[in-house]
Amino acid sequence: MSKALVLGGGGPVGIAWESGLIAGLAQAGVDLGVADFILGTSAGSFVGARLALGDPAGDLAAPILAEADRPRPAPVKTDTGPRAAPDMTPLMKMMQEARSGARPAESVRADIGAFALAAETVDEAAFIASFGRSFAGLAEDAWPERGFACTAVDALTGAFQLWTSESGVGVTRAVASSCSVPGVYPPVTLKGRRYIDGGMRSSLNADMAKGHDLVVLVQVRGGASAGPAAEAMARQLDEEIAALNASGAQVVLISPDAGSAGAMGVNLMNFARRPDAVRAGLEQGRAEAARIATVWN
């Protein structure tokens, strides 16, 4: 039986929660890291790449827990002062429009790309360097030997891009492009083009996992979420699950339980939430193990 693992987007907090969830499952006897194919979007691309590159599933939470216990240096004062928090309202409206069907989604994503290209962010080189600790020592064109793919969107055209071993790009830049939240991080250059977060198409892009018998989906934002944007995301996920079912796949969905949702909070870009998120993920993973084991093991 061919197994796929699909990891959704959710910012730095989502990375922490997914890492904890997968580690908790593994510690309870369910190793999602042995999947034949791992697909990641945004936060999920980072976690998925670590698994595909050989990090043991049970160890994924350890670096984040260690980071939480490490004393933080005092902020350095500068003449320029802190960068103002970006206004994400335009992005939220465009993402909702892209999922509404009011006009072609690719056209709306091109508008999102224009927003990303115009935004004042950290420069691209510094953003890529921020991934260096996790992907240190890899060649520029390195790609996991195991089945792995991650998603992005062309910033100019809005076209969806699935990065795979056949794309001829390196995993570090591919993951960076998938994590490039418009307005927060810079679009990432690959093969002479600029790319942004794959979550601009879908939070999971689960339909890209067709062809596998069992597909486990890990959704970072779901369940208790409400409002038009959440409803549009739910409809889109339902359509993707239907596509997987139509292809013959058995689909299992894992969403945050009440404890995890509370630990993550509303702002998934809030780094201060990472310690609570990873611990909640560990707890939920251990609690979910019996249910997932019935289909996975």
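Every number in this text was worked out from the coordinates using simple rules, so none of it is lab data. In this text the structure is predicted, and so the values were computed from the model without any measurement. Neighbour counts run over all protein chains shown; Cβ positions are idealised from the backbone, glycine included.
Among L65, V153, S19, flag the residue with its Cα farthest along the positive direction of the charge dipole of the chain, charges on Cβ as +1 for Lys/Arg and -1 for Asp/Glu. Farthest along the dipole direction, towards plus: L65.
Nearest 20 debye, what's the magnitude of the dipole of the chain about its Cα centre given +1 on Lys and Arg Cβ and -1 on Asp and Glu Cβ?
The calculation lands at about 340 debye.
Annotation for the range 111-163: chymotrypsin sites (Phe, Trp or Tyr not before Pro) lying in DSSP loop with at most 10 further Cβ atoms inside 10 Å of their Cβ do not exist. Within the same chain, aspartates and glutamates fewer than 8 places from K191 are excluded, and of the rest, those with a Cα less than 17 Å from its Cα are E124, E140, D141, D154, E166. Rounded to 0.05, the FRET efficiency of the A139 and L162 pair, given R0 = 30 Å and the Cβ-Cβ distance, is 0.90. What does the C-alpha gyration tensor say about the overall shape of the range 155-245? Classify as rounded when a/c is under 1.5, otherwise prolate if a/b is larger than b/c, or oblate. Here the range 155-245 falls in the oblate category.
Given axes a ≥ b ≥ c from the Cα gyration tensor, I'd like to know whether the range 1-63 is rounded (a/c under 1.5), prolate (a/b larger than b/c) or oblate. Oblate, because a/c is 1.5 or more while a/b does not exceed b/c. Multiplying each eigenvalue of the alpha-carbon gyration tensor of the range 220-297 by 5 and taking the square root yields semi-axes of 24, 20, 9 Å, largest first, rounded to whole angstroms.
Report the net charge of residues surrounding Y195, where surrounding means a beta-carbon distance below 15 angstrom and charges are Lys +1, Arg +1, Asp -1, Glu -1. Net charge around Y195: +2. Counted without the sites themselves, the longest stretch of the chain free of trypsin sites (Lys or Arg not before Pro) in a DSSP loop having at most 11 other beta carbon atoms within 10 Å is 192-297.
Using Cβ point charges alone (K and R +1, D and E -1), the dipole size of the range 233-297 about the Cα centre works out to roughly 240 debye. When Rg and the Kirkwood Rh are both derived from Cα coordinates, the Rg/Rh ratio for the range 82-220 amounts to 0.97. I need the calculated FRET efficiency for the pair D59 and D111, taking r as the beta carbon distance and R₀ as 41 Å, to the nearest 0.05. Step by step, r from the Cβ atoms, then E = 0.50.
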